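Undergrad: Take this structure first; my questions come after.
The values are calculated or read from the model by the stated rules, or taken from the named source; none is laboratory data. Bear in mind that the values here come from a model prediction, so they are computed numbers and not experimental data. Backbone-built Cβ (ideal geometry, glycine too); neighbour counts: all protein chains shown. Quick note on the areas: whole protein, heavy atoms, side chains included, nothing else; ligands and nucleic acids left out. Shrake-Rupley method; radii C 1.70, N 1.55, O 1.52, S 1.80 Å.
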Amino acid sequence: MEEAAAGLSRFKANYAVERKIEPFYKGGKVQLDQTGQHLFCVCGTKVNILDVASGAMLQSLEQEDQEDITAFDLSPDDEVLVTASRALLLAHWAWREGSVIRLWKAIHTAPVASMAFDPTSTLLATGGCDGAVRIWDIVRHYGTHHFRGSPGVVHLVAFHPDPARLLLFSSATDAAIRIWSLQDQSCLAVLTAHYSAVTSLTFSTDGHTMLSSGRDKICIVWDLRSHQTLRTIPVFESVEAAVLLPEELAPKLGVKSTGLYFLTAGSQGTLRVWEAASGQCVHTQQQLPGPGRELTHCTLVRAAGLLLTVTADHNLLLYKAHSLKLQKQFAGYSEEVLDVRFLGPEDSHIVVASNSPCLKVFELQTSACQILHGHTDIVLALDVFRKGWLFASCAKDQSIRIWRMNKTGEVTCVAQGSGHTHSVGTICCSRLKETFLVTGSQDCTVKLWPVPKALLSKSTASDGGPVLLQAQATQRCHDKDINSVAVAPNDKLLATGSQDRTAKLWSLPQCQLLGVFSGHRRGLWCVQFSPMDQVLATASADGTVKLWALQDFSCLKTFEGHDASVLKVAFVSRGTQLLSSGSDGLVKLWTIKNNECIRTLDAHHDKVWGLHCSRLDDRALTGASDSCVILWKDVTEMEQAEEQAKREEQVVKQQELDNLLQEKRYLRALGLAISLDRPHTVLTVIQAIRKDPEALEKLEATVLRLRRDQKEALLRFCVTWNTNSRHCHEAQAVLGVLLRHEAPEELLAYEGVQSSLEALLPYTERHFQRLSRTLQAATFLDFLWHNMKLPTLPAAPSAL
């Protein structure tokens, strides 16, 4: 039993990054390939390529100039990807391999703002911020056309779908659509009907009709033969993209007859289908609550039957084109991550609260993402109930919500409650049973919310909408904002931490004050009960973590090491160690017994707001203001096993080395010693060779049969030995062999030979000077010996 207990409470020594969920899209263009299998999107200086099925990042392409990508386009045949950077360079990529085929100057005098391929994938049009439109032959590598005349930024270029017509369409800041003839190298027509920026152009299959959309809340159908307006359709929202639907029936979208139908995406955040002939909206997607739902991009991949939309929150949503059924969700950018939690009985999922009203749930194995809507303002904190299926969230909208995850990983909101008069900044679930919640708010109060029994029965259907929660008790606890609440493992105690620099202990469910923990110099960010002992941990903006006794409210220990505010603290290793995270971007591992910080984990670049440990205590989860969520794995046992294996290997090799020296197998011994990378062991082998009666021949034979990399290592070791007068003879002997038998050009080709020679010269000169002085002294001694006249010694007296 004692051994088992010792094994359970074994100290952790290190964590390693197992997984990192990073931003992959920060706004700008997104594009799917024709198969719908790969997703291309811009993230600062890179174009990221994602596998749609798994959500995994396949490639991250960055140009040599490391400047922001301003435009990119994938050719219709999915073979050619071209990117344009702020440094006015265009790059032609073999995107599957992640290598640049060709790099050339854009010739534009300002960055490229838009880009489009023609249907044959041979011509590329670029529209610049300088008002110029240029066309490039990608196959023959030269510029074919240069069209001037557009005022301001050319933010939209598109080729006519019929390559025989050789027509290019562009739009700039004057809201006009220009039609350029590649054959005549001139502007055929200027279509003026929009009053604000034109956001998209799309063409009918016969090529005679074009649909344009704009931020002036209208869509216009054009006749490309007469260059006249056929119909102007008011859509009552600023449209970012309009897509012509395939000419086939789609009853689920209201398309019940043949004719021209199009879909719009814009500021209202919903997809709507319109009939061009009547100008009527025939289908409207159900609107989800909360801000940040505005749609910024929409693109249709006809071959794959997929529709991709992008929200203002940088979420990417993939729909079935014929039914608008949601297929996939991707969270491109989370901004500031405020809290993170493991979900599921086996910690198979994680839930992330970022600077958004939406929650994001990720499945760790497949990277599948689910975006949860419900709150109407930023979600500030999360907590999970004991079994892992239910979790709770609180937000700036003064409300709380309870969510349930089913066995397939789908999450729905099952309860909601409101009652606080200010932002709800912290939430904690009961520990023993799923019976209640505690919330703390900026209104300086704590509320106790019983969980309705109806939520706990698995048969409860969520179709009826969320159950309403009612607060059972309300208690004003502090004079300033309450930043943290924690429920004890037995559900009988509550701890609160506040901006007023104190933590308080309360009894549950009466919310009676039991005592105050005073000692921090600044506000408290986190309070946490020990899972084993009657101890409370507090993390403060004064840069310290303190441990307090629940019996007498005295401070037991103070942990100092963070350079800034400590934002979160958690007990690990059965309450014998602490993990803390701070606004310095560091996560620290502490051993409570000796107050020692045994490891500092540095992977975040900004405030680490979220910290949570798994049920098995083998992984940790952190989320920070750098928009990264990191999954850490406890690698203590792995590192100890590796260290043990290394030690055993060293012992075996040392024994083998001793045996080789005993058998005078010097070549094997020297090779083994060099592989161990231990200069002193190599020196021992050289010394053993030099003790041999045929030392010079054996040293030459052994050294010259070494591989080149072994000779390079031997030369490095010689530099070390040569600094010591006791070992310089071995170094000089090896150098002598190399200099006598290796060609100068071969020696100069050795790695690091120049620095080695620079280090060898001064010590070698000193050794020779010392030897010269010794030789002079020896010669003088010899002279004295020959010239000394020694008196004859008296005979020894004979013994009686």
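Undergrad: Would a scan of segment 75-88 turn up a residue that is open to solvent by 10 Å² or more (accessible area, probe 1.4 Å), free of Cβ contacts under 8 Å to residues at least 24 places away in the same chain and of a type in the set (Gly, Ala, Ser)? I'd like the intermediate steps shown before the answer.
TA: Looking only at segment 75-88, we keep the residues that are open to solvent by 10 Å² or more (accessible area, probe 1.4 Å), and these are 76-80, 86-88.
Narrowing the set further to residues that are free of Cβ contacts under 8 Å to residues at least 24 places away in the same chain leaves none.
Taking every residue of segment 75-88 in turn, none turns out to be open to solvent by 10 Å² or more (accessible area, probe 1.4 Å), free of Cβ contacts under 8 Å to residues at least 24 places away in the same chain and of a type in the set (Gly, Ala, Ser).
For (1) assigned by the TED database to the domain that holds ASN490; (2) buried (at least 18 other Cβ atoms within 10 Å of the Cβ); (3) out of contact with any Pro (no Cβ under 8 Å at 6 or more places or on another chain); (4) β-branched (Val, Ile, Thr), each residue gets a yes or a no:
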position: GLN365; (1), (2), (3), (4): no, no, yes, no
position: VAL379; (1), (2), (3), (4): no, yes, no, yes
position: ASP383; (1), (2), (3), (4): no, yes, yes, no
position: GLY388; (1), (2), (3), (4): no, yes, no, no
position: ALA392; (1), (2), (3), (4): no, yes, yes, no
position: LYS396; (1), (2), (3), (4): no, no, yes, no
position: GLY417; (1), (2), (3), (4): no, yes, yes, no
position: THR426; (1), (2), (3), (4): no, yes, yes, yes
position: PHE436; (1), (2), (3), (4): no, yes, no, no
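Undergrad: Out of (1) surrounded by fewer than 16 Cβ atoms within 10 Å (Cβ to Cβ); (2) in a strand (DSSP E or B), what's the single condition that is false for ASP552?
TA: Just one mismatch for ASP552, condition (2).
Undergrad: Across segment 425-456, what is the total count of residues that are among the small types (Gly, Ala, Ser) and within 23 Å of THR412 (Cα to Cα)?
TA: Within segment 425-456, the first condition is being among the small types (Gly, Ala, Ser), and the residues that meet it are 425, 430, 440-441, 454.
When the remaining residues are screened for being within 23 Å of THR412 (Cα to Cα), the result is 425, 430, 454.
Number of matching residues: 3.
Undergrad: Can I ask one more? May I ask you to list the residues in segment 214-254 that are in contact with a Pro (Cβ under 9 Å, 6 or more places away or on another chain) and open to solvent by less than 60 Å² (accessible area, probe 1.4 Å)? Working first, answer last.
TA: Filtering segment 214-254 for residues in contact with a Pro (Cβ under 9 Å, 6 or more places away or on another chain) gives 217-219.
ILE218, CYS219 - these are the residues of segment 214-254 that are in contact with a Pro (Cβ under 9 Å, 6 or more places away or on another chain) and open to solvent by less than 60 Å² (accessible area, probe 1.4 Å).
Undergrad: Return yes or no: is GLU97 assigned to a loop (DSSP other than H, G, I, E, B) and surrounded by fewer than 16 Cβ atoms within 10 Å (Cβ to Cβ)?
TA: Numbers: assigned to a loop (DSSP other than H, G, I, E, B): yes; surrounded by fewer than 16 Cβ atoms within 10 Å (Cβ to Cβ): yes.
When the stated conditions are applied, GLU97 passes them.
Undergrad: Going by the conditions given, is THR622 part of a strand (DSSP E or B), hydroxyl-bearing (Ser, Thr, Tyr) and open to solvent by less than 50 Å² (accessible area, probe 1.4 Å)? Step through it out loud before you land on a result.
TA: Working: part of a strand (DSSP E or B): yes; hydroxyl-bearing (Ser, Thr, Tyr): yes; open to solvent by less than 50 Å² (accessible area, probe 1.4 Å): yes.
Yes, satisfied.
Undergrad: Which residue, of THR412, THR408, THR421, is in the same structural domain as PRO357 (by the TED database) and either in contact with a Phe, Trp or Tyr (Cβ under 7 Å, 6 or more places away or on another chain) or not in a loop (DSSP other than H, G, I, E, B) (or both)? Even if it seems obvious, please write down each step before you answer.
TA: Numbers: THR408 fails: either in contact with a Phe, Trp or Tyr (Cβ under 7 Å, 6 or more places away or on another chain) or not in a loop (DSSP other than H, G, I, E, B) (or both); THR421 fails: either in contact with a Phe, Trp or Tyr (Cβ under 7 Å, 6 or more places away or on another chain) or not in a loop (DSSP other than H, G, I, E, B) (or both).
Matching residue, one of THR412, THR408, THR421: THR412.
Undergrad: Quick check on ASP377: is it on the phi < 0 side of the Ramachandran plot and part of a loop (DSSP other than H, G, I, E, B)? Write out each step before concluding.
TA: Working: on the phi < 0 side of the Ramachandran plot: yes; part of a loop (DSSP other than H, G, I, E, B): yes.
Judged against the criteria, ASP377 is a match.
Undergrad: Within segment 724-746, can you find the residues that are in a helix (DSSP H, G or I), touching a Lys or Arg at 6+ places or on another chain (Cβ under 9 Å) and closer than 16 Å to ARG708 by Cβ?
TA: LEU738, GLU746
Undergrad: Among the residues of segment 312-326, which ones are crowded, with 17+ Cβ neighbours inside 10 Å and more than 21 Å from the chain's Cα centre (by Cα)? Quick ask: steps written out before the conclusion?
TA: Our first condition is that a residue be crowded, with 17+ Cβ neighbours inside 10 Å; within segment 312-326, this holds for 313-319, 321-322, 324.
Passing the criteria: LEU318, TYR319, ALA321, HIS322, LEU324.
Undergrad: Go through (1) in contact with a Gly (Cβ under 9 Å, 6 or more places away or on another chain); (2) open to solvent by less than 40 Å² (accessible area, probe 1.4 Å) and name the single condition ARG716 misses.
TA: (2)
Undergrad: Right, next: With respect to ALA116, is the statement that it is touching a Leu at 6+ places or on another chain (Cβ under 7 Å), at negative phi and part of a strand (DSSP E or B) true? Spell out how you get there, then give the answer.
TA: Details: touching a Leu at 6+ places or on another chain (Cβ under 7 Å): no; at negative phi: yes; part of a strand (DSSP E or B): yes.
It is false that ALA116 is touching a Leu at 6+ places or on another chain (Cβ under 7 Å), at negative phi and part of a strand (DSSP E or B).
Undergrad: Could we say that LEU61 is open to solvent by less than 10 Å² (accessible area, probe 1.4 Å) and closer than 24 Å to ALA304 by Cβ here? Please lay out each step first, then the result.
TA: On the way: open to solvent by less than 10 Å² (accessible area, probe 1.4 Å): yes; closer than 24 Å to ALA304 by Cβ: yes.
Yes: the conditions hold for LEU61.
Undergrad: For segment 185-198, does any single residue satisfy the condition of being in a loop (DSSP other than H, G, I, E, B), open to solvent by less than 20 Å² (accessible area, probe 1.4 Å) and touching a strand residue (DSSP E or B) at 6+ places or on another chain (Cβ under 9 Å)?
TA: Residues of segment 185-198 in a loop (DSSP other than H, G, I, E, B): 185, 192-197.
Going one step further and asking which of them are open to solvent by less than 20 Å² (accessible area, probe 1.4 Å), we end up with 194.
Restricting the remaining residues to those that are touching a strand residue (DSSP E or B) at 6+ places or on another chain (Cβ under 9 Å) gives 194.
Yes: segment 185-198 contains one or more residues that are in a loop (DSSP other than H, G, I, E, B), open to solvent by less than 20 Å² (accessible area, probe 1.4 Å) and touching a strand residue (DSSP E or B) at 6+ places or on another chain (Cβ under 9 Å).
Undergrad: Please go through segment 332-355 and pick out each residue that is open to solvent by 10 Å² or more (accessible area, probe 1.4 Å), in contact with a strand residue (DSSP E or B) (Cβ under 9 Å, 6 or more places away or on another chain) and not charged (D, E, K, R).
TA: TYR333, SER334, LEU338, SER348, HIS349, ASN355
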